[in-house]
Amino acid sequence: MHYLISDTTSYALTVLQSKTDGIVHSVYRKTINLLFGGQLLALQSSGSPLSPLSLIASQTDIPMVSAGQKVTLDGPACDITVHTPAAPVVFSYREAKQHDLFLYRALTPHQQTALRQTIRAVLSQSDRSGFSLLVQNDPSVDDSLILSAAKRQIQQAQQEFFAGRYDNASAALCQLIGLGIGLTPSGDDFLCGVLAGLRLLGRDSESFGQSLRLQASRHLARTNEISAAFLRCALSGQFSRAVCSLSDLPSLSDVAHSFAAIGHSSGMDTLCGIDFVFQLYPI
């Protein structure tokens, strides 16, 4: 069986060019997670949201494979082969469009104001569970062990930040790593949003941003391998296409649509992290 990959990223191509054979790490719905020398990539069906880890197939249906199956790379042919008992399954990325998902550009104060308003409006209207309930001040937060714990850590981080104790603020946020359920726990998605927000405001190289990156990089073992891979990308300035598009100030409906498409609550949890940073740095 032969399949084509239509879209991928500069990060994914770097992993593939290492020519390190791997295995199928796990399979989740229409995503095959591949592990190459400790680095994860996500082979996804057509129409899936694009992240730094993505290899997007041109087909909506991808074959059934199983965790632990061997994966080999043929660099000259640009082929990824999954060795199943029935027959090899080949994915070719020769014609794939490459996307650069580094978040480069900081926003001007005027742009920041517009984006703050858009994100807050999207979160206030969200019908997803997760950290958006914190923004909405939903009373059910206190009935959830996860959300109430997150609320405490976020409030503590905010207090420490405004007191100028940036290492303490970073430590409080790092307590969110691994907090929640699913492939990417809400706490991890929130932290990815915080890292994105700092870059959008051009604050990532300041004391707080440096402290947060250093401490977060030391605590990735608190979460699962898939979520840790997304956090590593965020620590290096690489995010989903939805996050990167925020630099272009998309409309409220576009933001709502693109972030709602990311997991059950992952997209909104990420927006909550960005919104948190906006509260730390009022205009």
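Residue-wise test of (1) within 26 Å of residue 245 (Cα to Cα); (2) modelled with pLDDT under 95; (3) surrounded by 19 or more Cβ atoms within 10 Å (Cβ to Cβ); (4) in contact with a Cys (Cβ under 9 Å, 6 or more places away or on another chain).
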| site | (1), (2), (3), (4) |
| --- | --- |
| 10 | yes, no, no, no |
| 21 | no, yes, no, no |
| 30 | yes, yes, no, no |
| 70 | no, no, no, no |
May I ask you to list the residues in the stretch 201-227 that are under 17 Å from the mean Cα position of the chain (by Cα) and either at positive phi or open to solvent by 50 Å² or more (accessible area, probe 1.4 Å) (or both)? 213, 217, 219, 221, 222, 224, 225
Kindly establish whether residue 113 is open to solvent by less than 30 Å² (accessible area, probe 1.4 Å), farther than 19 Å from residue 266 by Cβ, out of contact with any helix residue (DSSP H, G or I) (no Cβ under 9 Å at 6 or more places or on another chain) and of a type outside the set (Asp, Glu). no
Wholly within the stretch 165-228, helices (runs of 4 or more DSSP H) carrying at least 1 residues that are at pLDDT 95 or above and among the acidic types (Asp, Glu): 166-174, 186-200
Given the conditions (1) open to solvent by 30 Å² or more (accessible area, probe 1.4 Å); (2) of a type outside the set (Val, Ile, Thr); (3) at positive phi, every one holds for residue 180 apart from (1)
So if I check each of 123, 107, which one is in a helix (DSSP H, G or I) and either at pLDDT below 95 or hydrophobic (A, V, I, L, M, F, W, C) (or both)? 123
Any chance the stretch 72-80 includes a residue that's open to solvent by 40 Å² or more (accessible area, probe 1.4 Å), out of contact with any Leu (no Cβ under 6 Å at 6 or more places or on another chain) and either in contact (Cβ under 8 Å) with a residue 60 or more places away in the chain or under 30 Å from residue 279 (Cα atoms) (or both)? no
Can you find a residue that is more than 30 Å from residue 15 (Cβ to Cβ), in contact with a Leu (Cβ under 9 Å, 6 or more places away or on another chain), among the aliphatic types (A, V, I, L, M) and open to solvent by less than 30 Å² (accessible area, probe 1.4 Å) anywhere in the stretch 90-106? no
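The values are calculated or read from the model by the stated rules, or taken from the named source; none is laboratory data. Small disclaimer: the values here were computed from a predicted structure and weren't measured. Using ideal geometry, Cβ is built from the backbone for each residue, glycine included, and neighbour counts are taken over all protein chains shown. Ligands, DNA and RNA are excluded from the accessible area calculation, which covers all protein heavy atoms including side chains. Shrake-Rupley method; radii C 1.70, N 1.55, O 1.52, S 1.80 Å.
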